[in-house]
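See structure below.
The values are calculated or read from the model by the stated rules, or taken from the named source; none is laboratory data. Keep in mind it's a predicted model, so treat the numbers as computed, not measured. Note that each Cβ is placed from the backbone with ideal geometry, even for glycine, and that neighbours are counted across all protein chains shown. SASA here: full protein model, heavy atoms, side chains in, ligands and nucleic acids out. Shrake-Rupley method; radii C 1.70, N 1.55, O 1.52, S 1.80 Å.
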There are 2 protein chains.
Amino acid sequence: MQIINEAASALDDALRGITLTYPQLHQVPGTRAVFDSRFQDDTVPLIGGGGSGHDPAHWGYVGDGMLTAAVMGPMFTPPTAADIVATVKAATKQKRAFFIVKNFQSDVASFGAAASSLRSEGYDIGTCVVADDISVDTGSLIPRRRGVAGTVLVHKILGAAARRGANIAELRMLAAELMPEIKTIGFSFSGARMPGHDDYSFELPPNAVACGVGIHGEPGYRIEPYTSSELLARELLGKIRQSFHWHPGDPLAVFINSLGGTAVMEQMIFASDVQQLLQLEPVAIQWRKVGTFLTSSGMHGLSLSILRLSDPKWLDALQAEVHVAAWMN
Amino acid sequence: MQIINEAASALDDALRGITLTYPQLHQVPGTRAVFDSRFQDDTVPLIGGGGSGHDPAHWGYVGDGMLTAAVMGPMFTPPTAADIVATVKAATKQKRAFFIVKNFQSDVASFGAAASSLRSEGYDIGTCVVADDISVDTGSLIPRRRGVAGTVLVHKILGAAARRGANIAELRMLAAELMPEIKTIGFSFSGARMPGHDDYSFELPPNAVACGVGIHGEPGYRIEPYTSSELLARELLGKIRQSFHWHPGDPLAVFINSLGGTAVMEQMIFASDVQQLLQLEPVAIQWRKVGTFLTSSGMHGLSLSILRLSDPKWLDALQAEVHVAAWMN
């Protein structure tokens, strides 16, 4: 059971709730995009988005210091290039924008086509592709490199830079420095649920957990017996450590994200286990945030992102105050 | 399945996660209380709390401009008077405090005994009891008048007054003015879950919803067939309207709270329905907030609170910036 009216109108009904609750967010007519009506248009606008089903992503990050607009498509399906073009034109009159795109083939295609189209009209468009997921494909063991929760950290750090007046070349350089330093991996006890459907995209046997799940209900790299939060924290940190090669004293940011169906108590127990394990490592936790940021439509699970704060300005950017729906200062 | 280690240690493990994630929150030794280590002790400290199981209440509201300390007890069981006394002594050296208590017999007893004990030591203690729930007892049809999600609004408005330097008498008067203007009612599809238990405190037949549920898994005043978010919004608004007697032009604050197991999409659809229905009334929505504020341990449901903003200063207080874990500015 879900608190909806009709499955077919659920996304549009929710979007109406969003714009009524946050009147500074204006819907772009004919799309599921919202833009910041308070944007002064004197800095480079950041545009994010992707499929719906990831609430509070991406609309929850629209506001001064993060995104200027977020373009949502249907459930787990990116917006069309035309929607993205319309959003850019609604958000800015300055013929420039910077896109933050999650590394899924269809997302990259839509945002890429929109960038081409806008460039042909004389726009200056920068793009970065977030590929923070370190999970591997079950069959080939090839890294999937999807864009997942780390995308929210990219919104925040690029958002702070854009607000300070960074130009598109500077944003592109910052993104290039940032991307290799963000690693994310998740687990869950269930798949995702589509609006109006009570079944999940996958179901596990009792006491089993799927490691390396995606944000569209993808099953992950391994299903294993579930024993405790602490062992999951060890598993995920182990995978991140393998891909990172920490140096003594490395300053880290820790970002723990509910995939949608996870209680705050569970989030906090996992946060305790992760932080206690990291205290045994030769690293310094300089920043941490725990909550519901980029979900997989009600999935009961969590993702862990670690960002190595190679540049002290990134910490300032994470700490900078913003006024958006889904980021607590 | 839950992301915990052992059921017996779940609350303490979560509290460790809370203090590691929010290092400004210091645990009061021997209790499940936290206080704001940055508190300057030059204003009246506000003390809230109650049973555990309501995350992010009440620890999520500790910080400048809201609570100075939050005292949590075991699951759905208030802290002891001794815990409350210890918390006051840890939070302040000024021999004064103001308690915000939810209207449950055992909560009122614990905080009352703590107040008596502290007064006998020369403390000046003010108290207010929040009784915003307009649900009725199923058998007697007598109003329950429990303290529920509206308590968070009391934290915020009294918190702003305390930060501005209100004394205990002024806080007491403000609370007395505020209380009759806050009405809350909730619904859910399930009861609450205790840590380590997969069963719920009550289960409903498919396509049934319980109206008037409490925040401890109490079943509510009526179980009825579930049809849509909009009809639930009508039912709850109808109940609130009966108890309010709105006047044309009344300025309202709307506060929609997930009881723990409710997706953001569902929250936003219900928020849309409530706000659209209210637009048909002769009232003015001046403020709204939607999110997860005071939960009932994973219950799949929502509560709706309406606060009539009889004093314009209350709106300023709701809008005042704070830095706490669970309130977005």
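Quick notes on this structure:
- Count of the range B:224-269 residues which are touching a Lys or Arg at 6+ places or on another chain (Cβ under 6 Å) and within 9 Å of another protein chain (Cβ to nearest Cβ): 1
- Subset of the range A:102-140 that is of a type in the set (Gly, Ala, Ser) and modelled with pLDDT under 95 - its residue that is least open to solvent (accessible area, probe 1.4 Å): A:135
- Within the range B:237-252, being outside any strand (DSSP E or B) and touching a helix residue (DSSP H, G or I) at 6+ places or on another chain (Cβ under 8 Å) holds for one residue alone: B:237.
- Among the residues of the range B:6-19, not a single one is among the small types (Gly, Ala, Ser), within 22 Å of the chain's Cα centre (by Cα) and within 24 Å of residue B:162 (Cα to Cα).
- Any hit, the range B:282-291, residues being basic (Lys, Arg), more than 10 Å from every other protein chain (Cβ to nearest Cβ), within 19 Å of residue B:133 (Cα to Cα) and surrounded by fewer than 22 Cβ atoms within 10 Å (Cβ to Cβ): no
- Residue within the range A:300-314 that is touching a Ser or Thr at 6+ places or on another chain (Cβ under 9 Å), surrounded by 17 or more Cβ atoms within 10 Å (Cβ to Cβ) and of a type in the set (Val, Ile, Thr) present: yes
Residue-wise test of (1) more than 28 Å from residue B:12 (Cα to Cα); (2) more than 17 Å from the chain's Cα centre (by Cα).
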{"position": "B:141", "(1), (2)": "yes, yes"}
{"position": "B:155", "(1), (2)": "no, no"}
{"position": "B:175", "(1), (2)": "yes, no"}
{"position": "B:178", "(1), (2)": "yes, no"}
{"position": "B:193", "(1), (2)": "no, yes"}
{"position": "B:205", "(1), (2)": "yes, yes"}
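- Taken over the range A:20-36, the criterion of being over 22 Å from the mean Cα position of the chain (by Cα) and under 25 Å from residue B:255 (Cα atoms) is satisfied by A:20, A:23.
- Condition met for residue B:272 (assigned to a helix (DSSP H, G or I), more than 28 Å from residue B:2 (Cα to Cα), open to solvent by less than 10 Å² (accessible area, probe 1.4 Å) and hydroxyl-bearing (Ser, Thr, Tyr)): yes
- Residue B:207, sole failed condition from (1) open to solvent by less than 20 Å² (accessible area, probe 1.4 Å); (2) within 12 Å of chain A (Cβ to nearest Cβ): (1)
- Residues of the range A:315-324 that are open to solvent by 10 Å² or more (accessible area, probe 1.4 Å), closer than 21 Å to residue A:62 by Cβ and in contact (Cβ under 8 Å) with a residue 40 or more places away in the chain: A:320, A:321, A:323.
- Residue within the range B:310-321 that is within 12 Å of another protein chain (Cβ to nearest Cβ), over 30 Å from residue B:217 (Cβ atoms), assigned to a loop (DSSP other than H, G, I, E, B) and modelled with pLDDT of 95 or more present: yes
- Filter pass, residue B:64 being of a type in the set (D, E, K, R) and within 28 Å of residue B:164 (Cβ to Cβ): yes
- Selection of the range A:242-264 for residues being open to solvent by 20 Å² or more (accessible area, probe 1.4 Å) and either under 23 Å from residue B:8 (Cβ atoms) or in contact with an Asp or Glu (Cβ under 7 Å, 6 or more places away or on another chain) (or both) yields A:246, A:263, A:264.
- Counted residues, the range B:172-192 - those being surrounded by fewer than 23 Cβ atoms within 10 Å (Cβ to Cβ) and in contact (Cβ under 8 Å) with a residue 24 or more places away in the chain: 7
- Within the range B:3-33, the set of residues being facing chain A (nearest Cβ under 7 Å) and either touching a Pro at 6+ places or on another chain (Cβ under 7 Å) or charged (D, E, K, R) (or both) comprises B:4, B:10, B:13, B:16.
- Among the residues listed as A:122, A:139, A:147, the single one being on the phi > 0 side of the Ramachandran plot and assigned to a loop (DSSP other than H, G, I, E, B): A:122
- Residue check, residue B:129 part of a strand (DSSP E or B) and aliphatic (A, V, I, L, M): yes
- In the range B:269-298, the residues that are of a type in the set (A, V, I, L, M) and more than 15 Å from the chain's Cα centre (by Cα): B:269, B:271, B:274, B:277, B:278, B:280, B:283, B:284, B:285
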